[in-house]
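See structure below.
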Amino acid sequence: MRLLVALAVLICAPLTTLAQEPPTPVAAAPRADWNLGGGLGSGLFVSYFSSIPVPSLVTELLPVVTASLERRLSGRTWLAFGVSGAFSQRRDDVPAGATGPTRADVQQLFVTAGLRGVVTGSTAPVDVSILVLAEGGSIHMDDRGLISGTETEQKTTGWLAGAELGIAVDRELTSGLSLRVATPLIAATYSEGRVETVGEPARSGTNFVARALIAPRLELRMAF
């Protein structure tokens with residue numbers, strides 16, 4: 001009998017110890033410190049050439065391909081780098097002796113660098129962020145046409161540098177995959193441009209401008 005009691009004590013003792021031990025916590029998923037995204041947006045290029053009578057204002061609203069890479073600096077702050085570009089080509093048939101454009105080509109490229117700060121809490125259904133970015137870009141335009149049957153050709157080149165303040169909204173689709181809608185709200189830029197017209201002296205101009213604008217873009221982003 002004593003032997004049976006001793007065996008029962010030896011068997012029950014480990015079971016009692018296990019019952020008293022707290023459950024092992026589940027390890028949290030590793031935090032993603034990088035994210036990469038790309039998509040489409042509307043690109044607005046505005047260049048003011050104060051010393052050029054025509055065109056005094058060049059405005060192009062084009063579909064733009066965008067891509068960006070972000071690196072986490074802290075829990076709610078990211079270092080952001082971006083690039084975007086667009087290409088547009090237009091051809092028109094103008095009757096002989098008439099007046100009108102026959103060709104309009106536009107190429108533009110922009111790069112950005114700056115910070116994105118998340119302003120919503122971790123339990124919010126979407127992440128709302130403020131973007132503060134420095135930007136630089138270039139544009140090339142080739143315009144041709146007819147004026148009373150006479151061919152004309154004008155080439156415009158320019159570059160700009162500045163800064164912008166914008167907003168972004170991110171919605172998580174699945175783990176590591178999200179959808180972002182973003183737009184600049186305020187931008188200040190310095191630009192220089194040059195216009196070359198066949199048969200006329202080349203003209204150059206510079207200007208600084210601050211403006212409010214909406215140029216939304218839609219991106220699919222992957223965290224890793």
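The amide H of Val64, built 1.01 Å from its N in the peptide plane, has Gly41, Ser42, Gly43 as neighbours under 5 Å, considering only residues 5 or more places off or on other chains. Residue by residue, region 178-184 carries 3J(HN,Hα) couplings of 9, 10, 10, 10, 9, 7, x Hz when phi is fed to the Karplus relation 6.51 cos²θ - 1.76 cosθ + 1.60 (θ = phi - 60°); x denotes Gly or Pro. A cut-off of 5 Å between modelled amide H atoms, ignoring neighbours fewer than 5 places along the same chain, links Thr99 with Ser148. With N the number of residues in region 33-223, Rg(Cα) / (2.2 N^0.38 Å) evaluates to 1.23.
Across region 134-148, rounded Karplus estimates of 3J(HN,Hα) from the backbone phi angles (6.51 cos²θ - 1.76 cosθ + 1.60, θ = phi - 60°) give 8, 9, x, x, 9, 9, 9, 10, 10, 10, 9, x, 10, 10, 6 Hz, Gly and Pro being marked x.
With the charge dipole of region 78-154 set up from +1 on Lys and Arg Cβ and -1 on Asp and Glu Cβ about the Cα centre, the Cα lying farthest toward the positive end among the listed residues Ser148, Phe87, Val118 is that of Val118. Seen from every direction in turn and averaged, the convex hull around the alpha carbons of region 157-224 projects onto 6.7 nm². Put a plus charge on the Cβ of each Lys and Arg, a minus charge on the Cβ of each Asp and Glu, and nothing anywhere else: the dipole of region 33-223 about its Cα centre is then about 480 debye. The local environment of Ser74, defined by Cβ-Cβ distances under 14 Å, has a net charge of +3 under the rule Lys, Arg +1 and Asp, Glu -1.
Each value in this text was obtained by applying a stated rule to the coordinates, not by laboratory testing. None of these values were measured; they are calculated from a predicted model. Please note: Cβ atoms are built from the backbone with ideal geometry, for glycine as well, and neighbour counts cover all protein chains shown.
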